[in-house]
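The values are calculated or read from the model by the stated rules, or taken from the named source; none is laboratory data. Since the structure is predicted, the reported quantities are computational estimates derived from the model, not experimental observations. Because the Cβ atoms are built from the backbone with ideal geometry, glycine has one as well, and the counts that use them run over all protein chains shown.
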Amino acid sequence: MNSKKIAALSMLIALSLILFMVESLIPPLFPIAPYVKIGLSNVVMIFVLIIYGEKESLIFMLAKNFLGCLILGNWYAFPFNISGSFFSLILMMALYRYCFPKISIISISIAGAITSNIVRTAVGAIIMQTAGLLLDLPVVVIISVGAGILIGILTIMLIKYLPDKIINQ
């Protein structure tokens, strides 16, 4: 990686962390599943996958999750966040590599959101030893579709309107 690329990715991690922190201040939107998040910082993660590639997006995801927990001091959320992010990123990588442009960025985002929130729910059921959380999955999937659409649209806007100096590294 050259220094311009490292600087751009560092700035994008900072942007992602700001979005992550802002979202952490918002009370749970869905009382039935308070652990389900819209995932605003995923706009930047999908952007990094599309613009910079798989290796950079994996490093980006790890840095975002680690630094997010470090800054917020919420290590309890780390297993939820890292597992949801990891599995959703792997799926989005595969979809982007093998299915894009046959399927849209919004579809890739929806798949990532559904995967992330299902994995987070499963991890919650394991950690809390409460299989009843799995009963929330239909609601979790519906919320994830809406979140995925929003994140996909915002990602497309970010790609379209972010200065070329950042995109073309």
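Taking residues in segment 92-108 that are under 21 Å from G146 (Cα atoms), and partners anywhere that are among the hydroxyl-bearing types (S, T, Y), the pairs with Cβ atoms closer than 8 Å and at least 6 places apart or on different chains are M92/S109; M93/S57; L95/S107; I105/T155; I108/Y96. Scanning segment 36-53 for residues that are at negative phi and over 14 Å from the mean Cα position of the chain (by Cα) yields I51, Y52.
Which residue out of S10, S57, S24 is of a type in the set (S, T, Y), modelled with pLDDT of 90 or more and under 14 Å from the mean Cα position of the chain (by Cα)? Walk me through how you get there before you give the answer.
Details: S10 fails: under 14 Å from the mean Cα position of the chain (by Cα); S24 fails: modelled with pLDDT of 90 or more.
That would be S57, the only listed residue that is of a type in the set (S, T, Y), modelled with pLDDT of 90 or more and under 14 Å from the mean Cα position of the chain (by Cα).
Considering L133, L91, which residue is touching a Gly at 6+ places or on another chain (Cβ under 8 Å) and modelled with pLDDT of 95 or more?
On the way: L133 fails: modelled with pLDDT of 95 or more.
None of the other options fit; the residue is L91.
All conditions in (1) assigned to a helix (DSSP H, G or I); (2) touching a helix residue (DSSP H, G or I) at 6+ places or on another chain (Cβ under 9 Å); (3) modelled with pLDDT of 90 or more hold for L40, with the sole exception of (1). Considering every residue within segment 105-125, establish whether at least one is farther than 21 Å from L40 by Cα and loosely packed, with under 15 Cβ neighbours inside 10 Å. No, segment 105-125 contains no residue that is farther than 21 Å from L40 by Cα and loosely packed, with under 15 Cβ neighbours inside 10 Å. Of all the residues in segment 60-100, those that are over 22 Å from M21 (Cα atoms), more than 13 Å from the chain's Cα centre (by Cα) and surrounded by 14 or more Cβ atoms within 10 Å (Cβ to Cβ) number 3.
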